[in-house]
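Reviewing the structure listed below.
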Amino acid sequence: MSEKTPAQEPASAGGEKQPGGRMLRGTSVSPGLVLGRVHIKDYELTHAPRQRVPLDQVEFELNRFHKALYESKRQLEDLKTRLAARVGHEEVRILDTHTALLKDGVFLSDVENLIINEQMALEAAIVKVIADFDRIFRLVQSETLRERAVDLRDVGIRVLRNLERLGAEPDAAAPRDADYVLVARELSIVDMFNLANEHVLGIITEAGGLTSHAAILARSMRIPTLTAVTGLLGAVNEGDFVILDAAEGSVRIEPDELVRAQYMASGANARRDAVTDSAEGTQQLLRQGAKTRDGQSIQLSASCGNLPEVDQARELGLQGVGLYRTELLYLVDREQPSLETLVAHYSGVLDQAGPDGVTFRLLHADSSLEVPYLHESRELNPSLGLAGVRILFKREAVLRRQLQAILRASPQAGARVRIAVPFVTDCADLRRVKEILFEERYALRKNNQPFRDGIELGAVIETPVAALGARDLMREADFLVLSLDSLLQYLVAADRDNHELRSAFEPVHPFALRMIQQLAEIAEETARPLWVFGVTALSGVNLPLLLGAGLRNFCVAPVGVGDFLATLARIDLRQARRNATLAARASCQADLHTLVDSYRHGLARE
């Protein structure tokens, strides 16, 4: 018998169709549950014919090109207007990247030269130019350049679709409305909308990542999205009915009518923008308090990276933002954001957050992001190079501007403000940030500018050396934040974005669990808070172990609060402590599977 892969479930014996349909698995980018018919958008670039045109038709091709460029720019401006009311300003500005590419001199001249000098048909010229750029960008190990390749691909597809529409050749295969689940090879912004800028119900892709521009928009717009689904394009056909459960990380292809009806009856046929019932249920759970099955209270706060997520957290009833990732403003433009922009943004975050305030994590960017004012070139190993507070000390002006903006943000507001320092290795990092923070306070006071005093300073524990020195760090800091995904990545030497290594993070390795127990004990002894965030921390497999290890403060993305509370309510803390003690004594990760399986079966019987 062949071993099944983690990407898909085996077919039933004799090739009979399973009631639940064929199941594929992937990585969740934006959770949610939708049912609908598939529309595949994946072949615009690969299927363009490489034909040539007569010399007297060259000018006609150039005119077609500029008409399609104009129409593409108009659509992007319309899309920005439509999105402005739904997502934050920073996410809308992502579309400026596409507008800039439509005006890019290299892209335009390369296409025009192929038409003029080689008499290549417009569609073929666009495909060749994009393929050349794509090949060059993907040869280098840079996530930023790969993202640019995806952006250029998006722009090319948009232009090609407009050429098709302007030629009065409608796409007969495309649905007449927006009610479909999109299937594509890669996650891209252009595929999230049709030419009328109507969004889709859900998105499934064979490749893709968690940090792309399209992923940011998908999360902000709450479009259920699943990526890294191995074998997707070979398993699904145009018009297939699917059940996309992006929270669970699965997609069911052509389930039978009974299974569809069951999902419908349970309220699973939620269109992307019909989230009211789910939000109300989460609000009710929050009003009852974040508690385990045996009544033990857990501190819950929001983990956010943009203003729409902060708004959503407040609407749900979360009382504060336990971790606010500040990177987005630094990534949407090639220039450093101005002090005024940062002050306005951080003030907006504080104004929308609850009374428990906000923990701003300082800029955490390594050289793979290729932010020009931070790194001159890409390092050989970006994740172990000048990242987090290391690069901020090297580019002290960037650090000072961010600290000054936090000090000046809504100085009269009553919400608490905390600053978390990323990629800390020892106490010297915290002491240096304290010195700079003191100097910036002094400068503001000297200039008679209002600022916020009494800001707490904490360290993000994500490097093994910081975890080993946590007791000293806790004496120096007001609080600690455990970045569990990052810490585990370094402890087990496994890339968390590598789909084939996902098993290294679930269940949490017993040696890592011992370290987590020590961190929780230090927090309890010093009576200072230890917050934890990360996808690994919130999984149904790991949460009982982490609670049993002593963690009590969790930062959760707003879209995941409902699932977190539901899982929490099924956990008996006394049993979790016993299981965590046994798990930490294990000599290998494999020994944990029996323990975890027995615990999960126990929950299922409740």
query: With charges set only on the Cβ (+1 for Lys and Arg, -1 for Asp and Glu), what does the dipole of the range 491-606 come to about its Cα centre, in debye to the nearest 20?
result: 320 debye
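Of K394/K446; K73/K394; K41/K80; K80/K434, which ones are farther than 29 Å apart at the Cα? Can you show the working numbers first?
Working: K394/K446 26 Å; K73/K394 39 Å; K41/K80 22 Å; K80/K434 40 Å.
Flagged as over cut-off: K73/K394; K80/K434.
Apply 1/(1 + (r/R0)^6) to the Cβ-Cβ distance of L62 and F393, taking R0 = 35 Å, and write down the FRET efficiency to the nearest 0.05. Intermediate values should be presented prior to the final figure.
On the way: r = 52 Å, r/R0 = 1.47.
After rounding to 0.05, the efficiency reads 0.10.
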- request: Would you please put 313-320, 103-110, 394-401 in order of how densely packed they are, using the mean number of other Cβ atoms within 10 angstrom per residue and starting with the highest?
  value: 313-320, 394-401, 103-110
Approximate spin-label separation R475-T526, in nm, with each point projected 7 Å along Cα-to-Cβ: 1.0 nm
query: Quick one: length gained pulling V465 to A428 fully straight, 0.36 nm per residue minus the C-alpha distance?
result: 12.0 nm
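Every read-out reported here was derived from the displayed coordinates using simple, explicitly stated rules and does not represent laboratory data. Computed from a predicted structure; not experimentally measured. When we count neighbours, we look across all protein chains shown, and the Cβ atoms used for this are built from the backbone with ideal geometry, even at glycine.
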